[in-house]
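The values are calculated or read from the model by the stated rules, or taken from the named source; none is laboratory data. Since this is a predicted model, take the numbers as computed values, not measurements. When we count neighbours, we look across all protein chains shown, and the Cβ atoms used for this are built from the backbone with ideal geometry, even at glycine.
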Amino acid sequence: MKLPELRISDLVAKIPVIQGGMAVRISTGSLAGAVAATGGIGIIGASGMSFEELAHEIKIAREKAMGGIVGINIMFAAREFLGIVSTAIKEKIDLIITGAGFSKDVFKIGKEHGVPIVSIVSTVRLAKTAEKCGAAAIVVEGKEAGGHLGTDRPLFDILPEIVEAVKIPVIAAGGLINGALIAKALKIGAKGVQLATRFVLAEECNASLPYKKRYQTASEDDVVLIDSPVGMPGRALRTKFVDQIIKGTAPKPVGCDFCLKHCSLKYCIVQALIRSQKGDIENGIVFSGEKVWQLKDRTIKPAKKIMEEIIAEVEEVP
Ligand SMILES: Cc1cc2nc3c(=O)[nH]c(=O)nc-3n(C[C@H](O)[C@H](O)[C@H](O)COP(=O)(O)O)c2cc1C
């Protein structure tokens, strides 16, 4: 199967693969730029970044992208949601993907500045609402995805319903770890796919080496669901800290800056994600997709190589 182009508003990606945004500081400018340069869409995970840091990462991505498409991902649950959106627009971002909650205001801002807004949804109801509010496209995320989850249903259960329900482009996400699954999603009617877990093992990915090694050694039993203080479940790999969350003994936040609009304050998820990004994975949270252990090749390689392999795998499918 030949990969089609992906059109979102006036943007045209030669390869219909979006590298999913990964916070905190897992997908930064270097990964987003490298993916954009291959003809896909590179996304900076902006949740947990300051405005200055985001502006800097967008510049890094642009320098590497060779004119390719660069976007940001920001979760609605972040207190600084609108500030991050404004910063990205000021830095002339190509598109904004929003997840972990739903904002109607952001569509108005996007329209005013001509920046397409893409919503991550997991239900027909939210897909229709996003379309009505002016979303340029939607990402349909199944329960196989990494990070915060909006559903317990598999991608291939939800995808056909949503493809049927909306007219805007639908992008499939969650567990698409090989070309056969990507081709399956496209044949159902998805116009593109969003992948994250596979890109954590890119050289340009900003995760620490211990984080990437955790991906390389993970078995099926290591993939667990945790209760996030955001109020949603999250998919992560077992570490000492994750075991404490599951047992209810994780340490309470210290020096909280109230970065979330609503937080259970059971533990600090941002600090735990930052610790693992920097290398202290046992005292942190390593978000991961459900199928990490099924990846055929878990070596670390350039993002360009990963994209070439994805294209070759899809082309092998009749
Ligand atoms: C390490 C990691 C961090 C993530 N962080 C975010 C995030 O900040 N915002 C978001 O909307 N999705 C986040 N996700 C979800 C991805 O962007 C993507 O939609 C999903 O993981 C795709 O499934 P896959 O990982 O099986 O390819 C994250 C996923 C991973 C693996």
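What residue, of A135, A172, A183, is outside any loop (DSSP other than H, G, I, E, B), more than 11 Å from the ligand (Cβ to nearest atom) and small (G, A, S)?
On inspection, the qualifying residue turns out to be A183.
Results for (1) within 16 Å of the ligand (Cβ to nearest atom); (2) assigned to a strand (DSSP E or B); (3) in contact with a helix residue (DSSP H, G or I) (Cβ under 9 Å, 6 or more places away or on another chain), shown as yes or no for each residue.
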site	(1), (2), (3)
R198	yes, no, yes
V230	yes, no, yes
D243	no, no, no
T249	no, no, yes
H262	no, no, no
V270	yes, no, no
I274	yes, no, no
E282	no, no, yes
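Are any residues in segment 117-129 more than 16 Å from the ligand (Cβ to nearest atom) and either not hydrophobic (A, V, I, L, M, F, W, C) or not assigned by TED's automatic domain parsing to the domain that holds A172 (or both), and if so, which ones?
Within segment 117-129, R125, K128, T129 qualify.
Considering only segment 120-141, I want to know if a residue exists there that is in contact (Cβ under 8 Å) with a residue 40 or more places away in the chain, within 27 Å of I269 (Cα to Cα) and small (G, A, S).
Looking for residues that are in contact (Cβ under 8 Å) with a residue 40 or more places away in the chain, within 27 Å of I269 (Cα to Cα) and small (G, A, S), one finds none in segment 120-141, hence no.
Filter segment 93-116 down to the residues that are in a loop (DSSP other than H, G, I, E, B) and surrounded by 17 or more Cβ atoms within 10 Å (Cβ to Cβ), then identify the one that is nearest to the ligand (Cβ to nearest atom).
Residue satisfying both the conditions and the ranking: A100.
Quick one: which residue in P233, P302 is surrounded by fewer than 23 Cβ atoms within 10 Å (Cβ to Cβ), in the same structural domain as R79 (by TED's automatic domain parsing) and touching a residue at least 60 places away in the same chain (Cβ under 8 Å)?
That would be P302, the only listed residue that is surrounded by fewer than 23 Cβ atoms within 10 Å (Cβ to Cβ), in the same structural domain as R79 (by TED's automatic domain parsing) and touching a residue at least 60 places away in the same chain (Cβ under 8 Å).
Anything in segment 283-299 that is among the basic types (K, R) and either surrounded by 16 or more Cβ atoms within 10 Å (Cβ to Cβ) or closer than 20 Å to P16 by Cβ (or both)? List them, or say none.
K291, R298 - these are the residues of segment 283-299 that are among the basic types (K, R) and either surrounded by 16 or more Cβ atoms within 10 Å (Cβ to Cβ) or closer than 20 Å to P16 by Cβ (or both).
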